[in-house]
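Reading through the structure tokens given below for one structure.
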Amino acid sequence: MMNILIVYPYWTYPEVAIEFLVKMARRGHKITAIYAGDKKESIKAHNLNKNNITIYEVQHLDLSLGGKITKKYPYFLNFKRILSSIECDVIVIQLPLFLTTIQALKIAEKLRKPTVVEVHGVYAHRNLALDLAQKTYLYTIGQWEFKKATLVRCLTKEDAQEIMHYGAPYYKIRIVPNPVDTELFKPSLNRNDEVLIWTGRMVVEKGLTYLIKALDIVVHEYKHKEIQLLIVGDGPQRYLIMKLIKRYNLKSNVSLLGVLPRKRVAEYLSKASIFVFPSIKEGMPFSLLEALSSGLPVIGTNVSGVRNLIVHGYNGLLVPPKDPKAIAEAISYLLDNRSLRLKMSKSAREFIIANFSYQKILPKLEQLYNEAIEVYH
């Protein structure tokens, strides 16, 4: 079994991260995780599962301009001393666009440790200026990171092809998708036929504004007056979404539930009727995996990370991105075809069980980490 050190810049969804650490530790591995915690005063170590998991909240500088660019953009302090004190066989580094990846790779090289850099979506769609900045970063620093890494993990073939454009050597790339907890996220017999649901972080690339515009068409043009949309999550676009709800007179049709514990999210997913996911750009979203595991037919956009999970007509419907009318038509179509929804629901659950459960994915990750150790030595 391995001693695995995982470096996160920060945790967007702590419950998801901890769930993964626990699942790995239960397979006999010793896990250490490092991330930029909420408190900067000191470095805190938490023994989560006695001897198997240790989590460090690392002192850091936050360069995110108050969360305007990303939730957090940390630069770790005293990082070399921390890494030098941790016994590990392999260092797994999350997300190449963060300064913490540069730091970790430099220190790992000095410590002579193998590394796996994980790409969860190549870059985040924001605006023209920030998109250009991210691509410039990838062409320069990112290229250096990919060459320094022992191996690179991508979630999809599309992401693998894209990072090769930024200088990632093809022979280093391995494709291992995200897993989902199929025991927590499962269907319920008690579904509400009039309930749509979306979960995630309210940022530009999630395309949530197009969903609100589509709902306006569904309610006021297609006359599905009783339809309800549950929005689970938070983020910088929250106030814009609230304005759109008011503008389109949808207050009685939309519930903003905020950030919820995962058990509550699982309950809402299990009882809804349709999951709508209008993203502009994705890696391999946990929200979508959890919805499919819950037996929800999905209306998703035809973009990488979504079309990898949605088989059109089988477990959901694919529509063009940034197209409220197409989203509205797909919603109305599924609302009017209950038998098709039930068929897609069964297919969605079977698809996840067969391909994306922890039982399927964790052995592939273990193989990847072991390979990095063998290649390095």
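This model, with +1 at the C-beta of Lys and Arg and -1 at the C-beta of Asp and Glu, gives the chain a dipole about its Cα centre of some 400 debye.
For Lys80, neighbours were defined as the other residues whose beta-carbon sits under 11 Å from its Cβ, and their charges (Lys and Arg +1, Asp and Glu -1) total +3. Taking only the C-alpha atoms of region 91-142, Rg followed by Dmax gives 12.3, 39 Å. If you take the charge dipole of the chain about its Cα centre, with +1 on Lys and Arg Cβ and -1 on Asp and Glu Cβ, which of Ser188, Ile241, Pro324 is farthest toward its positive end? With unit charges placed on the Cβ atoms, the residue in question is Ile241. Taking the longest Cα principal axis of the chain as reference, the axis of helix 324-335 is set at about 70 degrees. Cross-link pairs exceeding 31 Å in C-alpha to C-alpha distance, out of Lys30/Lys206; Lys251/Lys322; Lys223/Lys243; Lys172/Lys322, comprise Lys30/Lys206; Lys172/Lys322.
Farthest towards the positive end of the charge dipole of the chain, among the residues Val16, Ile353, Tyr210, is the Cα of Val16, using unit charges on the Cβ of Lys, Arg, Asp and Glu.
For region 217-287, run through the GluC sites (Glu not before Pro) and keep only the ones in DSSP coil with at most 13 other Cβ atoms within 10 Å of their Cβ.
Details: sites: Glu221, Glu226, Glu267, Glu282; in loops: Glu221, Glu226, Glu282.
Those satisfying the criteria are Glu221, Glu226.
As an exercise, use a Förster radius of 45 Å and the Cβ-Cβ distance of Asp62 and Arg338 to find the FRET efficiency, rounded to the nearest 0.05. Mind showing how you got there, number by number?
Values: r = 49 Å, r/R0 = 1.08.
The formula returns an efficiency of 0.40 here.
Compactness ratio for region 74-207: Cα radius of gyration over 2.2 N^0.38 Å (N = residue count) comes to 1.28. The H on the amide N of Leu229, modeled in the peptide plane, is under 5 Å from the matching H of Leu196, Val254, Ser255, each at least 5 residues off or on a different chain. For region 142-150, putting each phi into the Karplus relation 6.51 cos²θ - 1.76 cosθ + 1.60 with θ = phi - 60° gives couplings of x, 4, 4, 4, 5, 6, 6, 5, 5 Hz, in residue order, rounded to whole numbers and with x for Gly and Pro.
Mean separation of Cα pairs under 8 Å and 6 or more residues apart, divided by the residue count, gives the chain a relative contact order of 14 percent. Size estimate for region 129-205 follows the Kirkwood approach: the inverse of mean 1/r over distinct Cα pairs works out to 15.8 Å. Normalised Debye scattering of region 226-377 at q = 0.12, 0.21 Å⁻¹ gives log10 I(q)/I(0) of -0.58, -1.49, counting only Cα atoms as equal scatterers and leaving out solvent. Helices in the chain, meaning DSSP H runs of at least 4 residues, each add -39500 (n - 2.57). Divided by all residues, the mean residue ellipticity at 222 nm is -12000 deg cm²/dmol.
Only Cα pairs under 8 Å and 6+ residues apart enter the sum, and on that basis the relative contact order of region 58-173 stands at 20 percent.
Tally Lys and Arg at +1 and Asp and Glu at -1 over the other residues with C-beta under 13 Å from the C-beta of Asn355: what net charge comes out?
On the way: positive: Arg349, Lys360, Lys364; negative: Glu350.
Residues near Asn355 contribute +2 overall.
Partner lysines whose Cα lies under 24 Å from the Cα of Lys23, excluding those fewer than 8 positions away in the same chain, are identified as Lys44, Lys50, Lys113, Lys186, Lys263, Lys360, Lys364. Using C-alpha pairs below 8 Å separated by at least 6 residues, the relative contact order for region 259-329 is 28 percent. Against the main long axis of the alpha-carbon atoms of the chain, helix 208-220 sits at an angle near 10°. Shape class for the chain: prolate, because the ratio a/c of the largest to smallest gyration tensor axis (alpha-carbon atoms, square roots of eigenvalues) is 1.5 or more and a/b beats b/c.
In whole percent, and with a 1.4 Å probe on the protein chains, what portion of the accessible area of the chain is carbon and sulfur? That share works out to 53 percent.
The values are calculated or read from the model by the stated rules, or taken from the named source; none is laboratory data. These numbers were taken from a predicted model, which means no experiment stands behind them. Note that each Cβ is placed from the backbone with ideal geometry, even for glycine, and that neighbours are counted across all protein chains shown. Heads up: the accessible areas ignore ligands, DNA and RNA and are worked out on the full protein's heavy atoms, side chains in. Shrake-Rupley method; radii C 1.70, N 1.55, O 1.52, S 1.80 Å.
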